[in-house]
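Report on the structure given below.
The values are calculated or read from the model by the stated rules, or taken from the named source; none is laboratory data. All of these numbers come straight from a predicted model, not from anything done at the bench. Here Cβ is always computed from backbone atoms with ideal geometry, including for glycine, and neighbour counts include all displayed protein chains.
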Amino acid sequence: MTTRSSCESCGMPIESGRYCEYCTDESGALQSFDQRFGRMAAWQTRRDPEASEQDIERQVLDYMATMPAWRNHPRVQAR
Ligand SMILES: [Zn+2]
């Protein structure tokens, strides 16, 4: 039986550890909030090209609020 977990930063299923390869730098450390926010905003913009910049920002912050790595971040708390 394999225990699968999910990345605490983006929710992607991973085999082990706390974060997926996309959320970490070369040393395995979690990337900064701004790096992750930028990536997720770009991804969300591709999914929903009609959305305004404010809508994208809100959607990304709402999503990050569900992630253990980010839910206590000041930017997420302040949304
Ligand atoms: Zn991740």
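Please specify each residue of region 3-48 satisfying the condition of being among the hydroxyl-bearing types (Ser, Thr, Tyr) and out of contact with any helix residue (DSSP H, G or I) (no Cβ under 6 Å at 6 or more places or on another chain).
So the first thing to find is which residues in region 3-48 are among the hydroxyl-bearing types (Ser, Thr, Tyr), and the list is 3, 5-6, 9, 16, 19, 22, 24, 27, 32, 45.
Listed by number, the residues that qualify are Thr3, Ser5, Ser6, Ser16, Tyr19, Tyr22, Thr24, Ser27, Ser32.
Mind checking whether some residue in region 18-25 is surrounded by fewer than 16 Cβ atoms within 10 Å (Cβ to Cβ), polar (S, T, N, Q), at pLDDT 95 or above and closer than 21 Å to Val60 by Cα?
No, region 18-25 contains no residue that is surrounded by fewer than 16 Cβ atoms within 10 Å (Cβ to Cβ), polar (S, T, N, Q), at pLDDT 95 or above and closer than 21 Å to Val60 by Cα.
Show the residue pairs meeting these rules: Cβ distance below 7 Å; 6+ apart or different chains; first residue within region 54-68 and under 10 Å from Cys10 (Cα atoms); second residue charged (D, E, K, R).
These pairs meet every condition: Met67/Glu8; Pro68/Glu8.
Is it true that some residue in region 41-52 is within 14 Å of the ligand (Cβ to nearest atom) and within 10 Å of the chain's Cα centre (by Cα)? Give the derivation first.
Looking only at region 41-52, we keep the residues that are within 14 Å of the ligand (Cβ to nearest atom), and these are 43.
This time we only want the ones that are within 10 Å of the chain's Cα centre (by Cα), so: none.
No, that holds for no residue.
Tell me whether region 26-38 contains one or more residues that are part of a loop (DSSP other than H, G, I, E, B) and aliphatic (A, V, I, L, M). It would help to see each step written out before you state the result.
So in region 26-38, the residues part of a loop (DSSP other than H, G, I, E, B) come out as 26-29, 31-32.
Now narrow it down to the ones that are aliphatic (A, V, I, L, M): 29.
Yes: region 26-38 contains one or more residues that are part of a loop (DSSP other than H, G, I, E, B) and aliphatic (A, V, I, L, M).
Restricting to region 1-16, give me the number of residues that are near the ligand (Cβ under 10 Å from one of its atoms) and assigned to a loop (DSSP other than H, G, I, E, B).
6
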